[in-house]
Amino acid sequence: MSTTHDELAGVVDLFGALRRAELTAALDELAFKQGQDVDESALRSTIEAAIDAYALVEYEPAAGDTDSEPLVAVGPTAFPTLPPNAEDLPHILDYDRRTVDRERLAEQVSHRLTTEAAAVVEADNQTRAAELLDVSYDIETWASVDAGEVRSVLDPVLPQD
């Protein structure tokens, strides 16, 4: 099954947020509806790639939330798009629609971006620095986050024109 990051985000968006196992099950069901074979390892890799690209982001619920397991939510670089046959997933899968604390999610994603930017500078990884620069602009549109400091941290390793 071939799914884009935006399609993964579209599936997650149908439910608000999902546990990883729920997302994998939803993608498995979607593949079945599309008459495609499923490779569980490939699905997990696709989900990880979407998280790496900030199309999906991990959300750690606060202590005392009804969900105590980490969830996956739509991230700042995604443009959620429903893949074919996905509109039926909420009727097939018995998952409650979840809402996440957007402020908490934004803080967590901002923290991840800041931490990753520092690691990228330490590793002198120009390619990833350029990717994170793009994410820094996307996150400001996606949430009330000022990522100017992240850009200044990345600046020394960005390719100079």
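Data table
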read-out: Thr77 vs. criteria modelled with pLDDT under 95 and among the β-branched types (Val, Ile, Thr); value: no
read-out: Scan of segment 108-123 for residues that are out of contact with any Lys or Arg (no Cβ under 7 Å at 6 or more places or on another chain) and either of a type in the set (A, V, I, L, M, F, W, C) or surrounded by 13 or more Cβ atoms within 10 Å (Cβ to Cβ) (or both), ordered by number; value: Gln108, Val109, Ser110, Arg112, Leu113, Thr114, Glu116, Ala117, Ala118, Ala119, Val121, Ala123
read-out: Helices (runs of 4 or more DSSP H) wholly inside segment 1-74 that include at least 1 residues being closer than 19 Å to Leu93 by Cβ and touching a Pro at 6+ places or on another chain (Cβ under 9 Å); value: 5-15, 20-33
read-out: When residues of segment 97-107 are limited to those that are touching a strand residue (DSSP E or B) at 6+ places or on another chain (Cβ under 8 Å) and buried (at least 17 other Cβ atoms within 10 Å of the Cβ), the one farthest from Tyr59 (Cα to Cα); value: Arg98
read-out: Filtered residue count, segment 109-161, keeping only those that are part of a helix (DSSP H, G or I) and within 12 Å of Pro76 (Cα to Cα); value: 13
read-out: Any hit, segment 114-122, residues being farther than 25 Å from Thr3 by Cβ, at pLDDT below 95 and not assigned by TED's automatic domain parsing to the domain that holds Leu14; value: no
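The values are calculated or read from the model by the stated rules, or taken from the named source; none is laboratory data. Keep in mind that what you see is a predicted model, and the values were worked out from it rather than measured. With ideal geometry, Cβ positions are generated from the backbone for all residues, glycine too; neighbour counts draw on all protein chains shown.
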